[in-house]
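Contents: one structure, followed by commentary.
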Amino acid sequence: MDIISHSIEDLPSELLEEILLRIDSRILLPLSGVCSQWSDIIYSIQFWKRKLDYLGIHLPKEVLQNPNLSWKFFYSIVLNNQGIPYQKNLIVNGSGELENEKAKLNDGNRNEEDFDESWFKSWNTLSSGGQGWRLLKSLPPRSMPQEVEHNSYFATSNFSCTKEQFLSLTENGLDSEILDNFQPDIEIEEFYSKSENHGAIYDIQVCLLDGCGNVLGKAFSFRKNMEAEDEDSWRKVTHTFKDYGVGVRFVKYYHGGMAEDMEEGWFGVRMTGSSVKVKFPEVKKTEARFECKCKTKHKMNLNLS
């Protein structure tokens, strides 16, 4: 009796693809070296779209049909264990929603001698004048902007109160090659208001940093002086970074303000719904890649805990 031997290389492409779909994505690329058949499957756009569907990751139709996106884009989405990083708010604790300690709601972050720089999760407090920063809840919640998911907000006192947050785009799952070549829009949004019968000053500054920590392009800066007689309704500030160049890896988000009068308490500017979102890439703008040319080792000081 003749013995017929078979190897995995003899499998039909359709069956082989079904097998590869079930293999850990982290080891698939090295498997492309087995043979040309494996390589053709693994480096195909359609395979990684199917992999997304197999894993239950759903992208908008216009993204799946974008002819400018290569297999690398879909591969980067598959590898990200934090979900889809695009159109997602990367700011952590943007409305104080992660705070659950009574002290955060009953007291400010300042005592007679100093203030707690890490009072709010993921924020680095730079200044805490007067009674410092405090977290407040809006009662009733319907008085909050409809776009904001939470009913809490940060409040400032009668001297300068400022804080900042650094975001690492790559640590949030954004692929550095996509950032360099496509430069997808980066959208900024925040809501601010004042106390009734109190004037207030609001300030926000957001800038993009490259892999070496240098400011890339022009920073966004906005300042608003609100008079005591002005309405205490919520206002929205927005900005979109476009065509910012090669090398963006970090976002520095700074905001703050104070009351215009000297009355003690938390009657300064209020803010909530801090947001930084990277839109889905659309058109490739360059083939250039960022390269650090610094002669000394540097490290960004990120406050992400």
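The values are calculated or read from the model by the stated rules, or taken from the named source; none is laboratory data. All values reported here derive from a predicted model rather than from experimental measurement. Using ideal geometry, Cβ is built from the backbone for each residue, glycine included, and neighbour counts are taken over all protein chains shown. Note: areas computed on protein heavy atoms with side chains; ligands, DNA, RNA excluded. Shrake-Rupley method; radii C 1.70, N 1.55, O 1.52, S 1.80 Å.
List of remarks:
- Accessible area per residue (1.4 Å probe, heavy atoms of protein chains only) ranks His255, His239 as His239, His255, with the largest value leading.
- When nucleic acids and ligands are ignored and a 1.4 Å probe is applied, Thr238 ends up with an accessible area of around 80 Å².
- On Cα atoms only, tilt of 45-54 relative to the major axis of the chain in degrees: 70
- Scaled radius of gyration (Cα, divided by 2.2 N^0.38 Å) that segment 102-179 gives: 1.37
- Mean residue ellipticity, 222 nm, helices only, the chain: the sum of -39500 (n - 2.57) across DSSP H runs of n ≥ 4, divided by residue count and rounded to 500, is -4500 deg cm²/dmol.
- Difference of contour (0.36 nm per residue) and Cα-Cα distance, Lys121 to Asn100: 6.5 nm
- Using only side-chain charges placed at the Cβ, +1 for Lys and Arg and -1 for Asp and Glu, the dipole size of segment 4-132 relative to its Cα centre rounds to 400 debye.
- Legend: calculated FRET efficiency, Leu16 to Asn81, from the Cβ-Cβ distance at R0 = 25 Å, rounded to 0.05, equals 0.45.
- On the beta carbon distance between Asp40 and Asp107, with R0 = 51 Å, the FRET formula returns roughly 0.20.
- Using Cβ point charges alone (K and R +1, D and E -1), the dipole size of the chain about the Cα centre works out to roughly 580 debye.
- Inter-site label distance for Ala228 and Lys72 at 7 Å from Cα along Cβ, in nm: 6.0
- Förster radius 25 Å - calculated FRET efficiency between Cys294 and Thr170, Cβ distance, rounded to 0.05: 0.90
- Local electrostatic count at Gln205 - Lys and Arg +1, Asp and Glu -1, tallied over other residues with Cβ under 15 Å: +1
- Part-to-part distance (alpha-carbon centres) for segment 215-269 and segment 275-290, which is given in Å: 24
- Heavy-atom accessible area order for Lys277, Lys61, Lys218, largest first, 1.4 Å probe: Lys218, Lys61, Lys277
- Surrounding net charge for Leu126, when Lys and Arg each add one and Asp and Glu each subtract one, Cβ distance under 9 Å: -1
- Average projection, convex hull of the Cα set of the chain: 22.0 square nanometres.
- Residue pairs, from the table Lys218/Lys252; Lys49/Lys72; Lys72/Lys284; Lys121/Lys279, whose Cα atoms sit over 19 Å apart: Lys121/Lys279
- Based on Cα contacts under 8 Å between residues 6+ apart, the chain shows a relative contact order of 22 percent.
- Overall, the accessible surface of segment 65-167 at a probe of 1.4 angstrom is composed of carbon and sulfur to the extent of 45 percent.
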